[in-house]
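Here the structure is laid out as structure tokens; the discussion comes afterwards.
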Amino acid sequence: MRLIFLTLLALAIATAVGLGLTWTTATRGTDLGTLTIGAWTARPRTGTSEIDPYARASIARSGELPIGTGDGVTFTATTDDKKKPLDGRCDIVVSGVTPAARFWTLSLYDTKGRLVPNTLQRYGFTSQEVVRNADGAFEIRIAARSRAGNWLPTSALERYVLMLRLYDTPVGVATRTQKDAPMPAIATVSCP
């Protein structure tokens, strides 16, 4: 009787640990095959047949449709370059250049993956509409109140995610450093 009880107890503990770890991995993701350049993170294998099972479970849970590796890659940022979380009450500047790409978009999402609502219905910029400096670099201000130039409203949301999608780009699985893919800098310039 004791052997049966201990066996059932061990099976229950193993099941609870296994299900708990699976749930945690599916909701928070893993770092398998992750590419990190500065504050930007991408998972280039997500849109391929080489996707890891944890990323596949996370995608199935969220319902997102990843960009295929032949189409492009998606980079996300939740912090600035100094690892300070992106705060919608602060003024953030995204500046510099992007890696070579036929087209790119930079969008603002809340932590649940929804576009940040605002009265202007301005959710991002594209490579075709962003105003650039003479050297080709750009500067986008992300703030709660109106700013001159390229400005994205945050609606004073406490936390948000920046998503940079590069379409038709050589950036991917073989990319390793800022030299391979020059990513825009993210800086918090003022905070209340």
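Computed from the coordinates by the stated procedures, all read-outs in this text should not be read as laboratory data. Everything numeric in this text was worked out from a predicted model, so none of it was measured. Methodologically, a virtual Cβ is constructed for each residue, glycine included, from the backbone with ideal geometry; neighbour enumeration extends over all protein chains shown.
3J(HN,Hα) couplings calculated from phi for segment 126-137 with the Karplus curve 6.51 cos²θ - 1.76 cosθ + 1.60 (θ = phi - 60°) are, in sequence order, 10, 5, 8, 10, 5, 7, 10, 6, 4, 8, x, 6 Hz; Gly and Pro show x. Close amide H partners of Phe103, meaning residues 5 or more places away or on another chain with modelled amide H under 5 Å apart, are Tyr167.
First measure r as the distance between the Cβ atoms of Ala16 and Ser107, then evaluate 1/(1 + (r/R0)^6) with R0 = 35 Å and state the FRET efficiency to the nearest 0.05.
After rounding, the FRET efficiency stands at 0.35.
With the cut-off at under 12 Å, measuring from each backbone N in segment 85-104 to a point 7 Å along the Cα-to-Cβ line of Val189 picks out 91-96. Here the gap between Arg159 and Thr36, fully extended at 0.36 nm per residue and compared with their Cα-Cα distance, gives a gain of 42.3 nm. If R0 is 35 Å, the Cβ-Cβ spacing of Glu129 and Lys84 corresponds to a FRET efficiency of close to 0.80.
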